[in-house]
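Below is one structure, written out as structure tokens; comments come after it.
Every read-out reported here was derived from the displayed coordinates using simple, explicitly stated rules and does not represent laboratory data. These figures come from a predicted structure and were not determined experimentally. Please note: Cβ atoms are built from the backbone with ideal geometry, for glycine as well, and neighbour counts cover all protein chains shown.
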Amino acid sequence: MAEEANARNRLLWDRAASHYDRNMRRVEPLLFGRDGRRWVCAQAAGDVLDVAIGTGLNLPHYPSGVRLTGVDLSPAMLAAAAKRAADLGLTVALSQADAEHLPFDDASFDTVVCTLSLCSVADDRATIAEMRRVLRPGGQLLLLDHVAASNRVLLALQRLWEKVTLRYVGDYQTRRPLPLVERAGFVVQDSHRSRAGTVERLRAVKPPA
């Protein structure tokens, strides 16, 4: 099932790549605020993996000195990320991969980042498990995404909207990463919900061995 979903999502995101940045410039400030990516990326340190890097919208927000690696399902998205990195004068190692099967050894990174993407991976549990696997002990996981609302009315509306977004962009509206992160063995150190509980940003640490 995950392989089929990833194949479909790859096509969807390849088609979206050419207009993704334009759409996000309009939508992102309204849905996530202007500081979401900055909050996530400013905390990154050391060897950093950006999972589902997309067109590289996180790249301008990383501190100098981090060593960046990015993966994405979509070749077209990766091409856009490569161009953005070149324009910014950044060195980023980019690879095509699905988030459920990261092509890296255990304990390869100090920080794993995922922004606005756990909502669209085929298997969020497997993705979080892979993020934990590739993190070094004491490494940090930094997330930003839209999540299932705590308000019942909003949640009902999200479930209706999800029928549309799943069909056209493979995007879930009602996922909640925080419990999955805790079950995967992370220690959550910071979490904050906004936009009537529909947006969550989160920092968690992989405990030392």
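Quick notes on this structure:
- Distant-in-sequence amide contacts of Arg67, defined by a placed amide H-H separation under 5 Å and a gap of 5 or more residues or a different chain, comprise Gly46, Asp47, Val48.
- Theoretical FRET efficiency, 1/(1+(r/R0)^6), r = Cβ-Cβ of Ala79 and Arg133, R0 25 Å, to 0.05: 0.35
- Taking label positions 7 Å along the Cα-Cβ direction at both Ser18 and Asn151, the computed distance is 3.8 nm, reported to one decimal.
- Near Asn58: Cβ cut-off under 11 Å, other residues only, Lys/Arg at +1 and Asp/Glu at -1. The net charge is +2.
- For the stretch 1-62 and the stretch 124-151, distance of Cα centres in Å: 15
- Divided by 2.2 N^0.38 Å, where N counts the residues, the Cα radius of gyration of the chain comes to 0.95.
- Close amide H pairs (under 5 Å, H built 1.01 Å from N) link Val199 with Val147, Ser194, residues at least 5 positions away or on another chain.
- Each Cα pair under 8 Å and six or more residues apart adds its separation to the average, and for the chain the resulting relative contact order is 19 percent.
- Given their separation in residues at 0.36 nm each and the Cα-Cα distance between them, Leu30 and Asp105 gain 23.2 nm when the chain is fully extended.
- Residues whose amide H falls under 5 Å from that of Leu94, counting only those 5 or more places apart or on a different chain, are Gly70, with hydrogens built in the peptide plane.
- Gain in span if fully extended, His192 to Ala126, counting 0.36 nm per residue against the direct Cα distance: 21.4 nm
- Computed [θ] at 222 nm, helices only, for the chain once each DSSP H run of length n ≥ 4 contributes -39500 (n - 2.57): -13500 deg cm²/dmol
- Near Tyr172, once Lys and Arg are set to +1 and Asp and Glu to -1 for all other residues with Cβ below 9 Å from its Cβ, the sum equals -2.
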